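To start, the structure under review is shown below, and the notes come after it.
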Amino acid sequence: MIAPSILSADFARLADEAAAVASADWLHVDVMDAHFVPNLTIGLPVVKSLRKATDLPLDCHLMIDDPDRWAIGYAEAGAYNVTVHVEAARDPVALAKDLRAAGAKAGLSLKPGTPLEPYVDVLKHYDTLLVMSVEPGFGGQSFMAEVLDKVRAARRLVDTGHLRLVVEIDGGINEDTIEQAARAGVDCFVAGSAVYDAADPGAALERLREQAARAR
Ligand code: DX5
Ligand code: ZN
């Protein structure tokens, strides 16, 4: 699956930018609060408007403090998947249950330096694992290949039936990096600049999809 990140899109034309990637699987929406990460992007009102402007499932990636308080609003606004950061969540198990009860899939994200092992039991309550392959906060950064060990470990846990979730990767995914990520076992690839900096975002996402399918 490919999830174009609108962080690299034109924020004044979000409906058009979503339409430009109509064949995407999910539309990745980066919510940043200038506290958990040193950048500020968009929040709940924009997600509510986007929900009406596109049929694509919204994959909301909350890079915010206190997700225990704020994440539920995104589920209620109709996000398909709501991902919170384990480094910010106080009670990630309760949070996952609340998100699911509100009708969304629950996602848990790990920063590049955060290990997987301590959270395997927590992840039993989640539908998505978002492995960050850059430090969260900005688009257009370089891919950190060292996180692929974490992807391989997650893939093994899924393939052996210990976890049941989508393995998603976010940061620095482009035509030079997507194949190694696919071989490590990623199911869903977030791509911001590789899609929206291209002359034809729809064609760029299809090229990435083919590359990943071939590598896997
Ligand atoms: C970064 C965001 C990413 C970002 C990826 O903190 O979470 O989703 O949009 O951008 P690229 O694909 O350009 O690295
Ligand atoms: Zn993201």
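Please treat every number below as a calculation from the coordinates, not as lab data. No experiment lies behind these values; they were computed from the predicted model shown. For neighbour counting, all protein chains shown are included, and Cβ atoms are generated from backbone atoms with ideal geometry for every residue, glycine included.
What do you reckon, is Gly139 touching a Phe, Trp or Tyr at 6+ places or on another chain (Cβ under 6 Å) and either basic (Lys, Arg) or surrounded by 18 or more Cβ atoms within 10 Å (Cβ to Cβ) (or both)? Against the criterion (touching a Phe, Trp or Tyr at 6+ places or on another chain (Cβ under 6 Å) and either basic (Lys, Arg) or surrounded by 18 or more Cβ atoms within 10 Å (Cβ to Cβ) (or both)), Gly139 does not qualify. Restricting the range 186-213 to residues that are over 21 Å from Thr128 (Cα atoms) and away from ligand 1 (no atom under 15 Å from the Cβ) leaves a set whose member that is surrounded by the fewest Cβ atoms within 10 Å (Cβ to Cβ) is Ala199.
Mind listing just one residue for me: the one in the range 3-23 that is over 21 Å from Pro112 (Cβ atoms), within 14 Å of ligand 2 (Cβ to nearest atom) and buried (at least 24 other Cβ atoms within 10 Å of the Cβ) and, of those, farthest from the chain's Cα centre (by Cα)? So that I can check it myself, show each step before the final result.
Restricting attention to the range 3-23, the residues satisfying the condition of being over 21 Å from Pro112 (Cβ atoms) are 4, 6, 9-23.
Going one step further and asking which of them are within 14 Å of ligand 2 (Cβ to nearest atom), we end up with 4, 6, 9.
Going one step further and asking which of them are buried (at least 24 other Cβ atoms within 10 Å of the Cβ), we end up with 4, 6.
Working: Pro4: 9, Ile6: 11 Å.
Across the range 3-23, the extreme among qualifying residues is Ile6.
Within the range 186-203, restricting attention to residues that are among the small types (Gly, Ala, Ser) and in a helix (DSSP H, G or I), the residue that is farthest from ligand 2 (Cβ to nearest atom) is Ala203.
Of all residues in the range 168-185, which are crowded, with 24+ Cβ neighbours inside 10 Å and away from ligand 2 (no atom under 14 Å from the Cβ)? Within the range 168-185, Ile178, Ala181 qualify.
Would you check if Val166 is under 23 Å from Glu210 (Cβ atoms) and under 13 Å from the mean Cα position of the chain (by Cα)?
Values: under 23 Å from Glu210 (Cβ atoms): yes; under 13 Å from the mean Cα position of the chain (by Cα): yes.
The answer is yes for Val166.
For the range 24-42, taking the residues that are surrounded by 17 or more Cβ atoms within 10 Å (Cβ to Cβ) and assigned to a loop (DSSP other than H, G, I, E, B), the one that is nearest to ligand 1 (Cβ to nearest atom) is identified as Val37. Taken over the range 89-132, the residue count meeting the criterion of being among the small types (Gly, Ala, Ser), part of a loop (DSSP other than H, G, I, E, B) and touching a Leu at 6+ places or on another chain (Cβ under 8 Å) is 1.
Pairs, please: C-beta under 6 Å, at least 6 apart or cross-chain, first residue without any contact (Cβ under 8 Å) to a residue 24 or more places away in the chain and in the range 27-55, second small (Gly, Ala, Ser) and away from ligand 2 (no atom under 14 Å from the Cβ)? Short answer, once both residue conditions are applied: Leu40/Ala34.
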